[in-house]
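**Q** The following block contains the structure, expressed as structure tokens.
Nothing in this text is a laboratory measurement; each read-out follows from the coordinates by a stated rule. These figures come from a predicted structure and were not determined experimentally. Cβ coordinates were reconstructed from backbone atoms using ideal geometry, including for glycine residues, and neighbour counts include every protein chain displayed.
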Amino acid sequence: MIEAPHYSATGAKKKSVSLPAALFDGTVNEHALHRAVVTFLANQRQGTHDTKTRRWVTGGNQKPWRQKGTGRARQGSIRAPHWRHGGIVFGPHPRDYRLGIPKKVRQLAKKSALNARAREGAVLVVDPLAYEKPKTKSLVELLGKLGVAERKVLVLTSGAAHAYNVYLAGRNVPNVHVMRFGDATAYEILWSDAVVVELPALGEAEGKGEGTAAAPPADATEASDA
């Protein structure tokens, strides 16, 4: 059973809590993590890059000089790729970089990322941050008492109504990312140095069965790689 330090909403130290076994069983699947990160980064690419081929370069509608008699190499157009400001050969053009990932692999990657942070003691559990108003000062003070103010922090909230106020309180704090536990991906968890999770969020995730995908069989993985 993996345990994590428990704090109140104001940063007071409380008794450690046992993390849900369905999410935190110590399993870290590096292959699933790698695939999830590559997929996430690929899906962030806009793919709007474009270069001009010799068809679209301006100028060069006629031969620069006659074919013979000048002592220079023959040339057909200043739009040729070897000319300065000529067309680009095999340059990038608009394309879609999006990749797909199976749901169970995505769940396994998220579970592995949480376990990786739990192994490092970087998972901190706090009571619900029931902010009536978005107060950045309150969130910064909490992170300071937790000892993670100078680190990259991922704050995972539950689905309660106060979650939006927590998001507003942390959106302008450098190196702090606030989001719902269910929306977090393996990339965001690995990006952070410390993961602060609301206690109710763990219960909700355990009830919905998030991150409970088992590792694929070895023979299936080998077959897919082949």
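**Q** Using the alpha-carbon centroid of each, what span in Å lies between the range 37-106 and the range 138-204?
**A** The distance from the Cα centre of the range 37-106 to that of the range 138-204 comes to 43 Å.
**Q** Give the shape of the range 16-67 as rounded, prolate or oblate, defined through the alpha-carbon gyration tensor: a ≥ b ≥ c are the square roots of its eigenvalues, a/c under 1.5 means rounded, and otherwise the shape is prolate if a/b is larger than b/c and oblate if not. Mind showing how you got there, number by number?
**A** Details: a/c = 9.44, a/b = 5.21, b/c = 1.81.
Verdict is prolate for the range 16-67.
**Q** Then there is this: Beyond 24 Å between alpha-carbons counts as too far, so tell me which of LYS14/LYS137; LYS13/LYS152; LYS13/LYS111 fall in that bin. All intermediate terms of the calculation are to be shown ahead of the outcome.
**A** Numbers: LYS14/LYS137 22 Å; LYS13/LYS152 21 Å; LYS13/LYS111 26 Å.
Pairs exceeding 24 Å: LYS13/LYS111.
**Q** I need THR157, THR48 ordered by Cβ neighbour count within 10 Å, fewest first. Please report the intermediate quantities before stating the final value.
**A** Numbers: THR157 27, THR48 9.
Starting with the residue having the fewest Cβ neighbours, the order is THR48, THR157.
**Q** For the residue pair ASP96 and ASN61, what label-to-label distance in nm results when each label sits 7 Å from Cα along the Cα-to-beta-carbon direction?
**A** Each label point is offset 7 Å from its Cα along the Cβ direction, giving 3.9 nm.
**Q** Just to verify a number: FRET efficiency for LYS15 and LYS104, C-beta to C-beta distance, R0 = 41 Å, to 0.05?
**A** Numbers: r = 35 Å, r/R0 = 0.84.
Efficiency, from the Cβ-Cβ distance: 0.75.
**Q** OK, next. Could you give the nm distance between label points at TYR164 and GLU204, where each point is 7 Å from its Cα heading toward the beta carbon?
**A** For the pair TYR164/GLU204, the computed spacing is 1.4 nm.
**Q** Under a crude label model (7 Å from the Cα following the beta-carbon direction), how far is ASN172 from LYS52 in nanometres?
**A** With each label placed 7 Å out from Cα toward Cβ, I get 4.3 nm.
**Q** A further question on this structure: Counting other Cβ atoms within 10 Å, which GluC sites (Glu not before Pro) in the range 108-166 have at most 12 and lie in a DSSP loop? Intermediate values should be presented prior to the final figure.
**A** Details: sites: GLU120, GLU132, GLU141, GLU150; in loops: GLU120, GLU132, GLU150.
Here the sparse-neighbourhood loop sites are GLU120, GLU132, GLU150.
**Q** Further, regarding this structure: Membrane-span-like helices in the chain: DSSP H runs reaching 18 Å or more (Cα, own axis), mean Kyte hydropathy at least -1.0? Each step should come with its number before you reach the end.
**A** Working: long enough: 30-43 (20 Å, 0.40); 103-119 (24 Å, -1.05).
Answer set is 30-43.
**Q** Subtracting the Cα-Cα distance from 0.36 nm times the residue separation, let me have the gained length for ALA149 to LYS137 in nm, one decimal.
**A** Values: separation 12, 0.36 × 12 = 4.32 nm, distance 1.20 nm.
This chain segment gains 3.1 nm when fully extended.
**Q** In Å and from the alpha-carbon atoms only, list the Rg and Dmax of the range 4-99.
**A** 29.6, 92
**Q** Within the range 27-108, which trypsin sites (Lys or Arg not before Pro) sit in a loop by DSSP and count at most 16 neighbouring Cβ atoms inside 10 Å? Could you put the intermediate results ahead of the total?
**A** Details: sites: ARG35, ARG45, LYS52, ARG54, ARG55, ARG66, LYS68, ARG72, ARG74, ARG79, ARG84, ARG95, ARG98, LYS103, LYS104, ARG106; in loops: ARG45, LYS52, ARG54, ARG55, ARG66, LYS68, ARG72, ARG74, ARG79, ARG84, ARG95, ARG98.
For trypsin sites (Lys or Arg not before Pro) across the range 27-108 that sit outside H, G, I, E and B with at most 16 neighbouring Cβ atoms in 10 Å, the list reads ARG45, LYS52, ARG54, ARG55, ARG66, LYS68, ARG72, ARG74, ARG84, ARG95, ARG98.
**Q** Please list 3J(HN,Hα) in residue order for the range 84-101, calculated via the Karplus relation 6.51 cos²θ - 1.76 cosθ + 1.60 where θ = phi - 60°; whole Hz, with x for glycine and proline.
**A** So the Karplus estimates, Gly and Pro as x, are 5, 6, x, x, 9, 8, 6, x, x, 9, x, 7, 9, 9, 4, 10, x, 8 Hz.
**Q** Under a 5 Å amide H to amide H cut-off, with H placed in plane at 1.01 Å, what residues pair with LEU19 once short-range neighbours are removed?
**A** Under 5 Å from the amide H of LEU19 lie the amide H atoms of ILE2, GLU3, ALA4, each far enough along the sequence or on another chain.
**Q** Among the chymotrypsin sites (Phe, Trp or Tyr not before Pro) in the range 40-142, which ones are in a DSSP loop with at most 15 other Cβ atoms within 10 Å of the Cβ? Mind listing them? Before the final figure, lay out the partial values.
**A** Numbers: sites: PHE40, TRP56, TRP65, TRP83, PHE90, TYR97, TYR131; in loops: TRP56, TRP65, TRP83, PHE90, TYR97, TYR131.
Within the range 40-142, the qualifying chymotrypsin sites (Phe, Trp or Tyr not before Pro) (loop, at most 15 other Cβ atoms within 10 Å) are TRP56, TRP65, PHE90, TYR97.
**Q** Taking the Cα centre of the range 46-96 as origin and charging only Cβ (+1 Lys, Arg; -1 Asp, Glu), how large is the dipole, in debye to the nearest 20? Don't jump to the answer; show the numbers that get you there.
**A** Working: 11 positive and 2 negative charges, 97 e Å.
Here the size comes out at about 460 debye.
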